[in-house]
Amino acid sequence: MSSEPVFALRDERVGRVTVQVGFTDARFDVGDHAAPAVRASGIRALAEATGARPRLMHQVHGAAVVVVTAVPPVSLPQADGLVTDLPEEALVTRAADCVPVLLADPDAGVVGAAHAGRPGVAAGVVPATVAAMRELGAGRVVAWVGPHVCGACYEVPEALRAQVAAVVPETWATTSWGTPALDLGAGVLAQLRETDCEVVVVGGCSREDARWHSYRRDGSAAGRMAGVVWMRP
């Protein structure tokens, strides 16, 4: 597993600040289950590639959002959303089938990152992250929705599909083999539209495409991709 963060998907937006976003592919792993030396090396590589300080979170599949300040925390915050108005702080979201979402308002100089798994989509972590950005002064927000498992591949029990779709109807789906499923990406896109965000969809289905890590495909052997957003003055 490479420690070099190959941004297989990358974009840049310019306003009052320059915002850059990137998604790493399966040649790179910053998962909690990666060997400590590999993970540490990967974080250092992210810092070198972005020229910014990587800021990670202990993702807990909820809707908590943390504002990143210049003072690093003693331990990783337990959250699924990060926002900041500080340049040179690289916000990192990690995923292996969940929906990684990177957000920015280059004119206001505010960025965010969210990890939207099944519980997080139902709890509204993406709208909560957008709301936290707007509390920092963001207006028109651009959202990059990264590679994630598609609705045709994400099989769930029928009761679970009904439970999540009762909150986010757009998640209701059926697998390609005819069983109940959830389309988390469709749910996230609906939430972003409701919060008046410009949306850029990048990548494809993580389970179907070996370029991306996938827990559904590889089980406990799956690594974690990184979605990263950072600003330069």
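The values are calculated or read from the model by the stated rules, or taken from the named source; none is laboratory data. Quick caveat, the model's predicted, so the values are computed rather than measured. Neighbour counts run over all protein chains shown; Cβ positions are idealised from the backbone, glycine included.
Couple of notes before you dig in:
- Any hit, segment 164-185, residues being closer than 28 Å to G109 by Cα, at pLDDT 95 or above and of a type in the set (D, E, K, R): no
- For segment 11-49, a residue qualifies if it is among the basic types (K, R) and in a helix (DSSP H, G or I), and the qualifying residues are R39, R44.
- Among the candidates V60, V38, V30, the residue that is under 18 Å from L102 (Cα atoms) and either touching a residue at least 24 places away in the same chain (Cβ under 8 Å) or hydroxyl-bearing (S, T, Y) (or both) is uniquely V30.
- Scanning segment 18-41 for any residue that is surrounded by fewer than 19 Cβ atoms within 10 Å (Cβ to Cβ) and modelled with pLDDT of 90 or more turns up at least one such residue.
- Here A26, A113, A96 are screened, and the one residue that is closer than 20 Å to A221 by Cα, in contact with a Ser or Thr (Cβ under 8 Å, 6 or more places away or on another chain) and hydrophobic (A, V, I, L, M, F, W, C) is A96.
- The number of residues in segment 181-205 that are buried (at least 19 other Cβ atoms within 10 Å of the Cβ), outside any helix (DSSP H, G or I) and among the hydrophobic types (A, V, I, L, M, F, W, C) comes to 4.
- Here D85, D105, D80 are screened, and the one residue that is in contact with a Leu (Cβ under 6 Å, 6 or more places away or on another chain), at negative phi and among the acidic types (D, E) is D85.
- Filter pass, V149 being under 21 Å from D105 (Cα atoms), of a type in the set (A, V, I, L, M, F, W, C) and surrounded by 20 or more Cβ atoms within 10 Å (Cβ to Cβ): no
- In the set S220, S214, S206, only one residue is among the small types (G, A, S), touching a residue at least 40 places away in the same chain (Cβ under 8 Å) and touching a Lys or Arg at 6+ places or on another chain (Cβ under 6 Å); that residue is S214.
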